[in-house]
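Reviewing the structure listed below.
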Amino acid sequence: MSACRYRILIVDDDPALLRLLSMRLSSVGYEVAAVESGEKCIARIPTFQPHLVITDLRMDGMDGMALFDQIHERSPALPVIILTAHGSIPEAVDATSRGVFGYLTKPFDSKDLLEQVTRALRITGEQHERSEEESVAEWRQDIVTRSPLMEDLLGQTLLVASSDASIFIHGQSGTGKELLARAIHKASSRASGEFVAVNCSAIPEALFESEFFGHVKGSFTGATRDHKGLFQAASGGTLFLDEIGDMPMSFQVKLLRAIQESSVRPVGATQTQKVDVRFLSATHSNLEDLRNSGAFREDLYYRLNVVSLDIPSLVERREDIPLLVNHFLGTLGDAVKKSIKGFSPDAMEVLLSAPWPGNVRQLFNVVEQSVAFTTTSLIPASLVQRALRGEAEGEMPAFNDARSRFEREYLTQLLQITNGNVSHAARIAKRNRTEFYKLLYKHHLNPSQFKGAQASR
């Protein structure tokens, strides 16, 4: 990517560090502005219009978190990286749960700095040259992420979108399979054509042929007029077959023939019609297992699964939760009417640690319900817990979810036992301090919250 297109605003009351950062970032092509206070940063943002703000945590006057709060209120999508001394790591960890993109511990390595900056700039959606920039912004504008896993997936998506190869999308329910399918369509040469989505599990078996291929008037009882099928509707564009694993075996052979011949014959018609369709398909089930068991035709499987894309679950991209939450708040009119500023730190902690079996769809539902019931500008944890309470009791979690829960409970108990003393807790866990802090960061645990835990018991 070309760095010269990005503007970075640095805030630090240490002139030496300010010069060092400016020189390092300028040397790789970034446009850099440096100010020595949070107040000057706020004043500079409207004219400089940065893509990223890097600020020290501890400063005279307005500190780094107060600055972040003001930036977040004015420009929620503007990423902020916090610089912190080693002793302030717990505060920095806590800051990430409030929406700060990330933190760097002083003294930091130049490689770590540039990696953080590169990742943060992806939030702006401007990682390509202007000739590509508009199309990138357009094709992926509905996908909200800063997750490396999602960015890798989107990179793969852009590579394969330009071909006419059939793409199979696998992901758990609620991960956004149709959203990715629409992005593929927008990034393809077929973007000017129609995008037609169909949920195969919602079509009665007797109606598959009519729905997909169409029918002519009088071909069966109730056929009072000619009906254009999904193939014809999507001709020149893209047909997205969601929950393809639920398609009855009786129709699979007909679908395969239509794909191979690029033509369909409407029910009751004597002539075939040529169609030009790009196929995307998806399922939450394991299509390979269905193929192996004989529930899905092997030849159709290979026809649809030319390219495979896997969408990560929400628990695999927890760093996206604050970003998604803010996005959802922006789309919910009630949030604006109630002047909701966001979720409280405790509420965000609940959101970050929840198992999310329903993935992004469930997160949206929780945000929407919380907005509906809140009477305060900051949504409390109790409303989030209330919204999550509808999950089925006794449901066995996935292995990764269970392991994550165990890790978090174990770390929480350690911090309670040691009264928030990280060195002592790390020794008990037989981990070095750096590794232990990484675990705390992963699970969004702030040791300072456990100070005095023993005394209060």
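Rounded to the nearest 10 degrees, the inclination of helix 64-74 to the longest alpha-carbon principal axis of the chain is 40 degrees. The H on the amide N of TYR103, modeled in the peptide plane, is under 5 Å from the matching H of ILE82, each at least 5 residues off or on a different chain. From the Kirkwood radius over Cα pairs of segment 148-201, Stokes-Einstein at 20 °C and 1.002 mPa s returns a whole-number translational diffusion coefficient of 178 µm²/s.
Couplings 3J(HN,Hα) for segment 158-163, derived from phi with the Karplus relation 6.51 cos²θ - 1.76 cosθ + 1.60 (θ = phi - 60°), are 5, 5, 8, 5, 6, 8 Hz, where x marks Gly and Pro. Sorting the segments 313-320, 412-419, 109-116 by their mean number of nearby beta carbons within 10 angstrom, highest to lowest, gives 313-320, 412-419, 109-116. Rounded to the nearest 20, the size of the Cβ-charge dipole of segment 141-191 about its Cα centre is 100 debye, with Lys and Arg at +1 and Asp and Glu at -1. When the Cα centres of segment 308-363 and segment 212-258 are compared, how far apart do they sit, in Å? Cα centroid of segment 308-363 versus Cα centroid of segment 212-258: 37 Å apart.
Rg over Rh for the chain works out to 1.04, both radii taken from alpha-carbon positions and Rh defined as the Kirkwood radius. By the beta-carbon count within 10 Å of each Cβ, the least crowded to most crowded order of THR55, THR375, fewest first, is THR375, THR55. Put simply, the Cα atoms of segment 314-388 extend 33, 22, 17 Å along their principal axes, the longest span coming first. Look at TRP139, TRP356 and count the other Cβ atoms within 10 Å of each Cβ; fewest to most, that gives TRP139, TRP356. Calculate how steeply helix 433-442 sits against the longest principal axis of the alpha-carbon atoms of the chain, using the helix alpha-carbon long axis, and give the answer as 0 to 90 degrees to the nearest 10. The angle comes out at about 50 degrees.
For the chain, the longest principal axis of the Cα atoms and the long axis of helix 249-261 meet at an angle of about 90 degrees.
Going by a ≥ b ≥ c, the root eigenvalues of the Cα gyration tensor, does segment 155-259 fall in the rounded group (a/c under 1.5), the prolate group (a/b larger than b/c) or the oblate group? Prolate, since a/c reaches 1.5 and a/b exceeds b/c.
Rounded to the nearest 20 debye, the dipole magnitude of the chain is 240 debye, with +1 charges on Lys and Arg beta carbons, -1 on Asp and Glu beta carbons, and the Cα centre as origin. Only Cα pairs under 8 Å and 6+ residues apart enter the sum, and on that basis the relative contact order of segment 212-336 stands at 24 percent.
Computed from the coordinates by the stated procedures, all read-outs in this text should not be read as laboratory data. This one's a predicted model, so the numbers in the text were calculated from it and none came from an experiment. Heads up, the Cβs are rebuilt from the backbone with ideal geometry, glycines too, and the neighbour counts pull from every protein chain shown.
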